[in-house]
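> One structure, as structure tokens, below. Some questions next.
The values are calculated or read from the model by the stated rules, or taken from the named source; none is laboratory data. These figures come from a predicted structure and were not determined experimentally. Note that we place each Cβ from the backbone using ideal geometry, even for glycine, and neighbour counts take in every protein chain shown.
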Amino acid sequence: MSSASLHNPESGASCEIGLGRGLSYSVAVRTPGELEAVLEQLLQLPASQVADNVGGLINNINILENIALPVLYHGLAPAVEIEQKILETFADCGLDGGKVEALCGKRPGELGAFDKRLAGFVRALLSQPQVLVYSRFFEGLTRTEITQASALNSVFRRRCPDGTAVYLMLSDMPDPQPECNQRLEL
């Protein structure tokens, strides 16, 4: 089993996260600049993906295209299977066919905060990450939406039991906090 060292260049603090053990971490930093520096380090890890607080979606294409584009580009699935994989992944997240179809036909600007994150999460998941970073994933969500967003990690766990989940957030994140094996302050 391996680990990765994270270093906060502003505070000088550092920590270790275990890789390939199926663990979840909460990493809190004080400033957006510190967060970006730690995010860069996490994205340098092999097979890492980010699900962020804005979904990371391209505004002028629909959600289905947003999710399919990186899968096609990286050759992660044959073109004829992509739509089915997207539908299955949304179903794993608790959405039925009608809701998924409606969501996939919309553009990012037509979505609420949670749905943007959900679409970004599905896109990240289809890239088969070994490290999934939830960057500021809960910011701006209601308590109910935070609970829904926290539950998405169980989908990642089922699909990648040995994967590492990292909730990267500012230290003033209110409760409820996501379930994690370890909480770290950088």
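> Are there any pairs with C-beta distances below 8 angstrom linking a residue in the range 70-86 that is aliphatic (A, V, I, L, M) to a residue that is part of a helix (DSSP H, G or I) and loosely packed, with under 12 Cβ neighbours inside 10 Å, with the two at least 6 apart or on different chains, and if so which?
If the second residue must be part of a helix (DSSP H, G or I) and loosely packed, with under 12 Cβ neighbours inside 10 Å, the pairs left are Leu72/Ala79.
> Moving on. Among the numbered criteria (1) surrounded by 12 or more Cβ atoms within 10 Å (Cβ to Cβ); (2) under 15 Å from the mean Cα position of the chain (by Cα); (3) not small (Gly, Ala, Ser), which one does Ile61 miss?
So Ile61 meets the others, but not (2).
> Here is a follow-up. Counting residues that are buried (at least 21 other Cβ atoms within 10 Å of the Cβ), which helices (runs of 4 or more DSSP H) fully inside the range 89-186 reach at least 2?
Values: elements: 97-104, 113-126, 143-159.
Correct list: 113-126, 143-159.
> Continuing with this model, one more query. Scan the strands (runs of 3 or more DSSP E) fully inside the range 10-56 and keep the ones with 1 or more residues being within 22 Å of Phe114 (Cβ to Cβ) and either among the small types (Gly, Ala, Ser) or modelled with pLDDT under 95 (or both). It would help to see each step written out before you state the result.
Values: elements: 14-19, 24-29, 48-52.
Answer list for the range 10-56: 24-29, 48-52.
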